[in-house]
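> Next up is a structure, given as structure tokens.
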Amino acid sequence: MKARAKHWYVKGRLGAFHIRETRSATSRILETVPAGRGAWCWNQQRDCGPAYRGGKYRCSRSTPQYSDWIPVATSNRKKGWVARHCVYATYE
């Protein structure tokens, strides 16, 4: 039996998370990824590659504001963006 290939994914730190059309917390939501599920990193590099500057966001009311975003793939293979500090990268 052949081993399954490993890939870089992101998963939500607080459960479900949104994949957005642009690097903005107000841009259109392309997909909501349920808690426990992941989204494939667009850049298959450690921690999903470099983060890009974009609009400011908070992961919750008690967290600081951040403005870095990383590209991911939606379930239909389109490029979208996730708020970097609201997700964590995993290699599985």
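FYI, it's all coordinate maths here, none of it is from the lab. These numbers come from a predicted model, not from an experiment. Using ideal geometry, Cβ is built from the backbone for each residue, glycine included, and neighbour counts are taken over all protein chains shown.
> Relative contact order of the chain: what whole-number percent is it, with Cα pairs under 8 angstrom and at least 6 residues apart? Display every interim value, and only then the final one.
Values: 206 pairs, mean separation 32.9, N = 92.
The normalised contact order for the chain reaches 36 percent.
> Residue separation times 0.36 nm, minus the C-alpha to C-alpha distance between N43 and Y91: what's the value? Write out the running numbers ahead of the final one.
Details: separation 48, 0.36 × 48 = 17.28 nm, distance 1.23 nm.
Here the answer is 16.0 nm.
> Still on this structure, I have one more. Starting from the Cα of S60, move 7 Å in the Cα-to-Cβ direction to define the label point; list residues of segment 5-28 whose amide nitrogen is under 15 Å from there.
Backbone N within reach: 12-17.
> Okay, moving on. Averaging the inverse of every distinct alpha carbon separation and then flipping it gives the Kirkwood radius. What is it for the chain, in angstrom units?
Details: mean 1/r = 0.0757 Å⁻¹.
Across the chain, the inverse of the average 1/r is 13.2 Å.
> Read phi for every residue in segment 64-73 and hand back ³J(HN,Hα) as whole Hz from Karplus 6.51 cos²θ - 1.76 cosθ + 1.60, θ = phi - 60°, with x for Gly and Pro.
x, 7, 10, 9, 10, 10, 10, x, 9, 9
> Distance between the C-alpha centers of segment 30-47 and segment 52-76? Whole Å please.
Computed from Cα coordinates, the inter-centre distance equals 13 Å.
> Based on DSSP loop calls and a cut-off of at most 15 other Cβ atoms within 10 Å, the longest stretch of the chain free of exposed trypsin sites (Lys or Arg not before Pro) is what?
Working: sites that count: K2, R4, K6, R13, R28, R37, R58, R61, R77, K78.
Longest run free of exposed loop sites: 38-57.
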